[in-house]
């Protein structure tokens with residue numbers, strides 16, 4: 001064999017090596033692309049994350065809900081109970097607490113969307129003498145569950161379930177569909 005000529009076996013081994021290197025580069029590009037998509041998804045999740053808080057505003061004689069997150073909270077279901085019995089609206093809550101059913105203003109939370117930083121007054125007492133009794137009765141006898149989702153469809157359940165205990169907020173796969181008798185419609 002002459003010195004300047006290469007053998008076909010040697011050409012084939014270089015072709016195989018080039019194919020393996022190209023496949024490895026393609027695999028690395030695929031992995032980097034997948035990781036980049038994962039990181040971008042996490043960033044978007046953080047940018048649309050809602051976080052609800054319910055609180056007494058004693059100086060305003062009201063109970064309000066605040067979205068302290070950075071994205072909108074899409075309220076899917078609300079359940080409020082007094083002594084374990086579901087209540088359909090504020091009138092029934094007040095009746096169950098043996099309080100007057102007049103002298104207040106309400107807003108609807110069910111099927112509402114709260115923007116980031118938005119505050120919604122759930123109930124505000126115009127009869128300020130009735131508010132302290134209401135606040136104390138609610139603390140002792142009421143529980144509230146609010147299921148809400150982000151714009152990406154990730155959902156959480158706000159649960160203020162036991163008197164005197166802190167509310168919890170846990171991720172859930174989806175919001176439950178409450179039967180008509182258990183859904184709080186205000």
Being in contact with a helix residue (DSSP H, G or I) (Cβ under 7 Å, 6 or more places away or on another chain), surrounded by 13 or more Cβ atoms within 10 Å (Cβ to Cβ) and either in a loop (DSSP other than H, G, I, E, B) or in contact (Cβ under 8 Å) with a residue 40 or more places away in the chain (or both) narrows 70, 78, 93, 54 down to just 70
Going by the conditions given, is residue 109 touching a strand residue (DSSP E or B) at 6+ places or on another chain (Cβ under 9 Å), under 21 Å from residue 58 (Cβ atoms), in a loop (DSSP other than H, G, I, E, B) and assigned by TED's automatic domain parsing to the domain that holds residue 65?
yes
Restricted to segment 155-186, and to residues that are free of Cβ contacts under 8 Å to residues at least 12 places away in the same chain and in the same structural domain as residue 73 (by TED's automatic domain parsing), which residue is farthest from residue 56 (Cα to Cα)?
168
The condition from (1) assigned by TED's automatic domain parsing to the domain that holds residue 119; (2) part of a helix (DSSP H, G or I); (3) out of contact with any helix residue (DSSP H, G or I) (no Cβ under 8 Å at 6 or more places or on another chain) that residue 29 misses is numbered (1)
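The values are calculated or read from the model by the stated rules, or taken from the named source; none is laboratory data. These figures come from a predicted structure and were not determined experimentally. Using ideal geometry, Cβ is built from the backbone for each residue, glycine included, and neighbour counts are taken over all protein chains shown.
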